[in-house]
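Chemist: This is the structure, below, for whatever I ask next.
The values are calculated or read from the model by the stated rules, or taken from the named source; none is laboratory data. Keep in mind it's a predicted model, so treat the numbers as computed, not measured. No Cβ is skipped: glycine too gets one built from the backbone with ideal geometry, and neighbour counts run over all protein chains shown.
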Amino acid sequence: MSIRISVIGPDAQRIADISSALPAASDSLALKTATGGIVEAAAEIERDQPDLLVIESPRVADGDLALLESSLLTAPKTTALLLAPEHSSEFLLKAMRAGVREVIPTPLVNGELAAALGRQLERLGLQRFASPAARVIAFVPAKGGSGATFLASSLAVELASRGMRTLLTDLNVPFGDAALYLTEARPTATLADLARQLARLDATLLDSASLSISDDLALLAAPDSVERYADVTAEAIDRILTVARSRYRFVILDAGRGIDPVTIRGLDRADEILLVAQASIPYLHAARRLIELFSGLGYDKGKLRLVLNRHERGAEISPADAARTLGIELAHLIPNSYRSVAWAVNHGQPIQESAPRDAVTRAIAQMAGRLMSKGPGEPGAGPGGSGGRRGLWH
């Protein structure tokens, strides 16, 4: 099904300028243009009800806004963007009340129109003709102290540093503290705030609720209390991830150990689940129980991969032993570098900044490289293997 976009401007040159800010034409995009102003736009809305209407008008009177409002009331699925020289707060309020989604001031500068079009196409879920959907990677700790939050946040930083727009989503409730690993800033909104506004959830709202860490990295924080977490439902997580996948290249879930309907929905949507453990009997025992639970949920073992954290050479339980015991692929070995990791965590600073040459930093870079080389659903290549002696509990 094509996306129907109508562009109405005062002359052919302005129409061409507006049209050039749209994504490249494809089978998913049907563009219609016409010369005119608010009157012609109102007629277009009532006649064709386009998905997206872009209007440029050098003058907009109160009567024009009233006409536009009455037309938009007949077409609730039409999104209207207005290009106009007037952009006082009073005018913006009147335009919004008339049903205009965004007002872009003219003359256009700094790609504002292209950015606004992108936001609205994302809101409408129309990015199928643009970049592919994000990969969703979930980190699950085998037991407390596994280091999953550190790895999830560090991976998010690494991906963003490579130009991969990344969203780190903290599902570890009520103990979510991913923000502490990245910044001293306090999140002003959380998952709960988005969940309470599902009816108007779009890319713009998702951006406003996320804490910007860098140009390509944002954090969606966990609710700060169990009471607020009650607002977060499986449906909300499903909707949030749908919007996030159209907005980002990677969505990293710090899932925590609480396996509830919300976490399960997040894991359902994940392309890959990274189970974080250490090479010791208590950790592997806990990991095995989680794998049994995941099997009961219908997850194929190909979706699960093992990350062994704090690895020490010559350890009594080798990485190959751990992988064979659990029956899943060993994807990554993260070496033990306690001092560097502790300093980064205690100072809320990514290890890439505090210890760029550390072995842990290099291991995280390798993890990012593997994920970037794979598409959604593809099996990952890891250092683990099969064969050899049997697992520890066989």
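Chemist: Looking only at residues in the range 53-83 that are over 18 Å from residue 4 (Cα atoms) and in contact with a Lys or Arg (Cβ under 8 Å, 6 or more places away or on another chain), which one is surrounded by the fewest Cβ atoms within 10 Å (Cβ to Cβ)?
Modeler: So the first thing to find is which residues in the range 53-83 are over 18 Å from residue 4 (Cα atoms), and the list is 57-70, 73, 83.
This time we only want the ones that are in contact with a Lys or Arg (Cβ under 8 Å, 6 or more places away or on another chain), so: 62, 65, 69.
Working: 62: 10, 65: 19, 69: 17.
Here the residue is 62.
Chemist: Going residue by residue through the range 87-98, is there one that turns out to be within 35 Å of the chain's Cα centre (by Cα) and closer than 21 Å to residue 3 by Cα? Before the answer, list the steps.
Modeler: Of the range 87-98, the ones within 35 Å of the chain's Cα centre (by Cα) are 87-98.
Filter once more, so that each one left must be closer than 21 Å to residue 3 by Cα: none.
Within the range 87-98, not a single residue is within 35 Å of the chain's Cα centre (by Cα) and closer than 21 Å to residue 3 by Cα.
Chemist: Can you run down the residue pairs with Cβ atoms below 6 Å, 6 or more apart or on separate chains, where the first is in the range 52-71 and in contact (Cβ under 8 Å) with a residue 12 or more places away in the chain and within 15 Å of residue 40 (Cβ to Cβ) and the partner is polar (S, T, N, Q) and in a loop (DSSP other than H, G, I, E, B)?
Modeler: The qualifying pairs are 53/78.
Chemist: For the range 90-97, does any single residue satisfy the condition of being surrounded by fewer than 20 Cβ atoms within 10 Å (Cβ to Cβ) and touching a residue at least 40 places away in the same chain (Cβ under 8 Å)? Break it down into steps so the answer makes sense when it comes.
Modeler: Taking the range 90-97 as the starting set, the residues that turn out to be surrounded by fewer than 20 Cβ atoms within 10 Å (Cβ to Cβ) are 90-94, 96-97.
Subset that is touching a residue at least 40 places away in the same chain (Cβ under 8 Å): none.
No, the range 90-97 contains no residue that is surrounded by fewer than 20 Cβ atoms within 10 Å (Cβ to Cβ) and touching a residue at least 40 places away in the same chain (Cβ under 8 Å).
Chemist: Here's a follow-up. Give the residue, chosen from 34, 75, that is touching a helix residue (DSSP H, G or I) at 6+ places or on another chain (Cβ under 7 Å), under 15 Å from residue 100 (Cβ atoms) and not basic (Lys, Arg).
Modeler: Numbers: 34 fails: under 15 Å from residue 100 (Cβ atoms).
75 is the lone residue from the list that is touching a helix residue (DSSP H, G or I) at 6+ places or on another chain (Cβ under 7 Å), under 15 Å from residue 100 (Cβ atoms) and not basic (Lys, Arg).
Chemist: Moving to a separate point now. Any chance you could count how many residues in the range 217-236 are in contact (Cβ under 8 Å) with a residue 40 or more places away in the chain and either in contact with a Leu (Cβ under 8 Å, 6 or more places away or on another chain) or crowded, with 20+ Cβ neighbours inside 10 Å (or both)?
Modeler: 10
Chemist: Can you name the condition, by its number, that residue 246 falls short on among (1) closer than 19 Å to residue 303 by Cα; (2) within 14 Å of the chain's Cα centre (by Cα)?
Modeler: Residue 246 satisfies every listed condition except (1).
Chemist: Could you say which residue among 294, 250 is closer than 25 Å to residue 361 by Cβ and either outside the structural domain of residue 157 (by TED's automatic domain parsing) or of a type in the set (Phe, Trp, Tyr) (or both)?
Modeler: On the way: 294 fails: closer than 25 Å to residue 361 by Cβ.
After applying the criteria, what remains is 250.
Chemist: List pairs: first in the range 256-276 and in contact (Cβ under 8 Å) with a residue 60 or more places away in the chain, second surrounded by fewer than 21 Cβ atoms within 10 Å (Cβ to Cβ) and basic (Lys, Arg), Cβ under 6 Å, 6+ apart or cross-chain?
Modeler: 273/303
Chemist: If only one of 241, 253, 267 is more than 11 Å from the chain's Cα centre (by Cα) and not hydroxyl-bearing (Ser, Thr, Tyr), which one is it?
Modeler: Numbers: 241 fails: more than 11 Å from the chain's Cα centre (by Cα); 253 fails: more than 11 Å from the chain's Cα centre (by Cα).
So the residue among 241, 253, 267 that is more than 11 Å from the chain's Cα centre (by Cα) and not hydroxyl-bearing (Ser, Thr, Tyr) is 267.
Chemist: So, residue 218, is that one over 23 Å from residue 304 (Cβ atoms) and at pLDDT below 90 or not? If you could, list the steps in order and put the result at the bottom.
Modeler: Numbers: over 23 Å from residue 304 (Cβ atoms): yes; at pLDDT below 90: no.
No.
Chemist: Filtering the range 3-29 down to residues that are surrounded by 13 or more Cβ atoms within 10 Å (Cβ to Cβ) and at pLDDT below 85, which residue is farthest from residue 81 (Cα to Cα)? First the steps, then the outcome.
Modeler: Just the residues of the range 3-29 that are surrounded by 13 or more Cβ atoms within 10 Å (Cβ to Cβ), to begin with: 3-10, 14-15, 17-19, 21-23, 28-29.
Checking the rest, the ones that are also at pLDDT below 85 come to 3, 22-23, 28-29.
Numbers: 3: 16, 22: 13, 23: 16, 28: 20, 29: 17 Å.
Filtering the range 3-29 for residues that are surrounded by 13 or more Cβ atoms within 10 Å (Cβ to Cβ) and at pLDDT below 85, the one farthest from residue 81 (Cα to Cα) comes out as 28.
Chemist: Another question, then. Does residue 247 qualify as being of a type outside the set (Asp, Glu) and surrounded by 16 or more Cβ atoms within 10 Å (Cβ to Cβ)?
Modeler: Working: of a type outside the set (Asp, Glu): yes; surrounded by 16 or more Cβ atoms within 10 Å (Cβ to Cβ): yes.
So residue 247 passes the test.
Chemist: Just checking, which of 339, 305, 313 is without any contact (Cβ under 8 Å) to a residue 12 or more places away in the chain and in contact with a strand residue (DSSP E or B) (Cβ under 9 Å, 6 or more places away or on another chain)?
Modeler: Numbers: 339 fails: in contact with a strand residue (DSSP E or B) (Cβ under 9 Å, 6 or more places away or on another chain); 305 fails: without any contact (Cβ under 8 Å) to a residue 12 or more places away in the chain.
Within the list 339, 305, 313, the selection yields 313.
Chemist: Here's something else I'd like to know. Given the residues 194, 211, 180, 198, which is the only one that is on the phi < 0 side of the Ramachandran plot and buried (at least 22 other Cβ atoms within 10 Å of the Cβ)? Working first, answer last.
Modeler: Numbers: 211 fails: buried (at least 22 other Cβ atoms within 10 Å of the Cβ); 180 fails: buried (at least 22 other Cβ atoms within 10 Å of the Cβ); 198 fails: buried (at least 22 other Cβ atoms within 10 Å of the Cβ).
Of 194, 211, 180, 198, the one residue that is on the phi < 0 side of the Ramachandran plot and buried (at least 22 other Cβ atoms within 10 Å of the Cβ) is 194.
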